[in-house]
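To start, the structure under review is shown below, and the notes come after it.
The values are calculated or read from the model by the stated rules, or taken from the named source; none is laboratory data. Keep in mind that what you see is a predicted model, and the values were worked out from it rather than measured. Using ideal geometry, Cβ is built from the backbone for each residue, glycine included, and neighbour counts are taken over all protein chains shown.
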Amino acid sequence: MTPVYKKGGANMNNVMAIINNALDESFLDKLTGHRSLASVPFGARYRLIDFPLSNMVNSGITNVGLLLQTKYRSLMDHIGFGKAWDLDRKRNGLFILPPAHIYQANRAYKGDLQNFASNIDYIKRSTQEYVIIGSPNVVANIDYRDAFKYHIENKNDITIIYRELDVFRRDTTYTVMNTDDNDRIIDMKVDPKKNYYKKISMQRYIMKKDLLLDIIDDCISKGEWDFVKNAIIGNLKNLKVYGYPFRSYAAVINSINGYYKSNLELLKPNVWQDLFLKNGPIYTKPKDEAPTAYKNGVKAKNILAANGCSIKGDVKNSVLFRGVKVHPGAVVKNSVIMQKSEIGPNAYLENVILDKGVQITADKSLKGDTNLPMIIAKNTLV
């Protein structure tokens, strides 16, 4: 499917994008033990990488670089040459940017600026004048045109897209920021113990490519390797850094609780429409499977089920990925069940996350807490 570029807003032909997947993944525990953050499944048929990729191509960006870190086999399998996002092009397109440091003996990883530096030639060779830097752990549907137009008209050095929150999710880390009355950013904090401010960074940064190159060089020459703390926060006083508000649905995936709650929030019609329809569709790797089959008499209430599922038990308030099988007598409540998992006859699941290929045998009962769901690792037999 070819993305449809919407009319209006700024011309994005002069903008490239970098998706920074060189992030700490430990907060997702068992879900990132065998895969990178960007390839974590989300929303019944998607991966986290699908959201920033789709947002960028829907905004008219055709040069996208993806910074890798570790465990990226499943991510490579998912994105391929970028065809699902119309990025399999002769000119521009999708560029895979490997972490050069892992091939050098006795060289410890220092921070994500090291990944930028390892791929500095890609940034220099790109013909676009501006760059948007994003990350896969913020799920939203963003049209970058208005933010880029604001960046140009306000003559900002850096523009950071932010979302204002009244309630902060338990166990989830945020980068919070404070602005003056004109939205100039005067302070930022990464994962403070106390949430000083209500504005959270959505980890979307707009700047000139040459400025990015200068910042990378300056930070590394001082032995500074953290993009957010050193390249952004370290330059708040030196550069004109402004915030741009985003007012639709956004989820920060920085904890198991955040991942679990964000999936279940998709069961709300307004959230689903905001995320999948408002600023263009979200694209993913296509798989041809039959529609989900529901046996007569089953109770399926408020669920999101991908194609290929077979439901013969009772499912309520849950998200089911492709090919999930729920056998007769089984009950699934408030759970996230990933691809090809199977729930045996008369089993009971509540507040549970099953990774791919998990088999729950007959009569088993698994129950987590609403704020601490039980996680069953990939291909486990219970």
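Observations
- Qualifying position, being in a helix (DSSP H, G or I), touching a helix residue (DSSP H, G or I) at 6+ places or on another chain (Cβ under 7 Å) and over 24 Å from residue 258 (Cα atoms), among 116, 95: 116
- Among the residues of the range 203-210, none qualifies, meaning not one is more than 29 Å from residue 127 (Cβ to Cβ), more than 25 Å from the chain's Cα centre (by Cα) and acidic (Asp, Glu).
- Verdict on residue 329 being surrounded by fewer than 19 Cβ atoms within 10 Å (Cβ to Cβ), among the small types (Gly, Ala, Ser) and not assigned by TED's automatic domain parsing to the domain that holds residue 78: yes
- Any hit, the range 217-235, residues being modelled with pLDDT under 95 and under 30 Å from residue 334 (Cβ atoms): no
- Within the range 67-94, being farther than 18 Å from residue 32 by Cα and surrounded by 22 or more Cβ atoms within 10 Å (Cβ to Cβ) holds for 85, 87, 94.
- In the range 181-204, the residues that are over 22 Å from residue 140 (Cα atoms) and aromatic (Phe, Trp, Tyr) form Cβ pairs under 7 Å with partners that are crowded, with 17+ Cβ neighbours inside 10 Å and modelled with pLDDT of 85 or more, at six or more places apart or across chains, as follows: 196/176; 196/189.
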